[in-house]
């Protein structure tokens, strides 16, 4: 199983769909189950042996800075400051590449949570990683085992684990669950400009270099106030 000691948590989003909850804070600092969404991601990394985590900041950047200063223990936090930029997910990762290095890294959205013992989800990704065949490996949630995800699904998984996006199909059985392993070579030639990670994934999929692993836990996409309330109630049970 590959060892991955460096990761990134994507915390620069504007959180517009979460308003009015995010009128006075970034989505990363919205609390659920007694801790912030950002801490859910960082604690998962710590449980999985991650030693260094890059956190990109833009919206309410000072609040995130102050919150991270209160954390102790793993992982060590490195700030990727995007105060003057709107880079989206892809551009944000490119900007952070000097800190991420040249080996595979974990990258997480901060609006996806689930309950698990330890770091089983990260372990499943590490166990499936094969750098000779793939440049990105996505954690995928079955649509019937999700909360807060509106839409017909993102993708199909082929028999060998390759990801095939929904395209013209009316629906697809899996949604991206918010965590991936990405090899930095997938971003060669891209600049730290505004673009979505989806652009990278589609290019990799067309070349057969994008794979997926199924998340066995119930997945909660905490993207708006209704999903927040539903996820809070589920955690309380």
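Which of the residues belonging to segment 139-158 are surrounded by fewer than 16 Cβ atoms within 10 Å (Cβ to Cβ) and modelled with pLDDT of 95 or more? If the condition is that a residue be surrounded by fewer than 16 Cβ atoms within 10 Å (Cβ to Cβ) and modelled with pLDDT of 95 or more, then 158 is the only one that fits. Within segment 122-141, being touching a strand residue (DSSP E or B) at 6+ places or on another chain (Cβ under 6 Å) and either part of a loop (DSSP other than H, G, I, E, B) or over 17 Å from residue 201 (Cβ atoms) (or both) holds for 124, 129, 134. Residues considered: 161, 189, 223. Of these, the only one that is without any contact (Cβ under 8 Å) to a residue 60 or more places away in the chain and more than 22 Å from residue 6 (Cβ to Cβ) is 161. Of everything listed in (1) under 23 Å from residue 185 (Cα atoms); (2) touching a strand residue (DSSP E or B) at 6+ places or on another chain (Cβ under 6 Å); (3) without any contact (Cβ under 8 Å) to a residue 60 or more places away in the chain, the single unmet condition for residue 98 is (2). Report yes if some residue within segment 102-116 is over 18 Å from residue 14 (Cβ atoms), surrounded by fewer than 20 Cβ atoms within 10 Å (Cβ to Cβ) and in contact with a strand residue (DSSP E or B) (Cβ under 8 Å, 6 or more places away or on another chain); otherwise report no. Checked segment 102-116: at least one residue is over 18 Å from residue 14 (Cβ atoms), surrounded by fewer than 20 Cβ atoms within 10 Å (Cβ to Cβ) and in contact with a strand residue (DSSP E or B) (Cβ under 8 Å, 6 or more places away or on another chain). When 212, 208 are checked against the criterion of being under 16 Å from residue 132 (Cα atoms), assigned to a loop (DSSP other than H, G, I, E, B) and at pLDDT 95 or above, 208 stands alone in meeting it.
The values are calculated or read from the model by the stated rules, or taken from the named source; none is laboratory data. Since the structure is predicted, the reported quantities are computational estimates derived from the model, not experimental observations. In this analysis, Cβ positions are derived from the backbone assuming ideal geometry, glycine residues included, and neighbour counts consider all displayed protein chains.
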